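K.L.:
This is the structure, below, for whatever I ask next.
Here, each number is a calculation from the coordinates, and none is a lab measurement. Computed from a predicted structure; not experimentally measured. Cβ sites come from the backbone with ideal geometry, for glycine too, and all protein chains shown count toward neighbours.
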Amino acid sequence: MMVPEINLLPKMERQKSNSILIIAIGLILFAAILLLFFIQYMSLKKEVNALTAEETYVSAEKADLTEQVNLMNTSDQGTLAESVVFAESVSYPVSPLLIEVDSLLEENTYLRRYDFMEQSVDVSVDFETITVISNFVEKLLQSDYFTDVKIEQISNFEADKDIEDSQIINFEVIPRYSATINLTIDQAYLSAGGDQ
């Protein structure tokens, strides 16, 4: 026996329940979209605040640096005449110093570089052994041209080492030494003409 299907609800109510469900889903989606926009708005607002603070900091730093540059540009630089007088007061003949240093070098010792300062000269010299460095420093200390001698740095190197052979250790090669030495100039002796 079959049970007849009886639908006592009018068709209008069924359509009404479907439309209420669609409206509810639409409201939920609309609320979710609004919530998403609100979250994005808040995160963008934080980023804008952070960037504004960074811009303020960078602007202040730029103003400080600009002020420092202006102070450096307007500092007491003196006139050209004052610069010439200063240069002449600290100038000295360099040839006697180089001739003296070169004359004290032993065989197979090479003067590589020299830098003149106001009261001293830095020389970089290549040596064969540490003993030769010691002998050279002793000769410099006995020289009348220099009042003080300081070894700033000593490093070793291999004279003919190829880049490709950097992994191979050759026990037959003895490394050479490079020394940077600061020589304080005896201004009075140099001004008097030195060795004549």
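K.L.:
R0 = 35 Å: FRET efficiency of Ile20 with Gln40, Cβ-based, nearest 0.05?
P.N.:
Details: r = 31 Å, r/R0 = 0.87.
Given R0 = 35 Å and the Cβ-Cβ separation, E is 0.70.
K.L.:
Describe numerically, in nm with one decimal, the distance between label points set 7 Å from Cα along Cα→Cβ at Val84 and at Ala32.
P.N.:
Here the answer is 8.6 nm between the modelled labels.
K.L.:
To the nearest 0.05, what FRET efficiency results for Ser134 and Ser191 with a Förster distance of 35 Å applied to their C-beta separation? Don't jump to the answer; show the numbers that get you there.
P.N.:
Numbers: r = 30 Å, r/R0 = 0.86.
Computed FRET efficiency for Ser134 and Ser191 comes out at 0.70.
K.L.:
Using mean Cβ contacts within 10 Å as the protection proxy, how do 181-187, 57-63 order, highest first?
P.N.:
181-187, 57-63
K.L.:
Below 10 angstrom from the Cβ of Asn108, what's the summed charge of the other residues (Lys, Arg +1; Asp, Glu -1)?
P.N.:
Here the count lands on -3.
K.L.:
While we're here: Which residues among region 99-140 fall inside the zone where the amide N is under 16 Å from a point 7 Å beyond the Cα of Lys150, along Cα→Cβ?
P.N.:
Output list for this probe position: 115-124.
K.L.:
I would also like to ask the following. Please give the net charge around Asp186, taking every other residue with its beta carbon less than 10 angstrom from that of Asp186, where Lys and Arg add +1 and Asp and Glu add -1.
P.N.:
Values: positive: none; negative: Asp144, Asp148.
Local net charge: -2.
K.L.:
Give me the number: length gained by fully extending Ser95 to Gln119, i.e. 0.36 nm times residue separation minus the C-alpha to C-alpha distance, one decimal in nm.
P.N.:
Details: separation 24, 0.36 × 24 = 8.64 nm, distance 1.52 nm.
My answer for the length gained is 7.1 nm.
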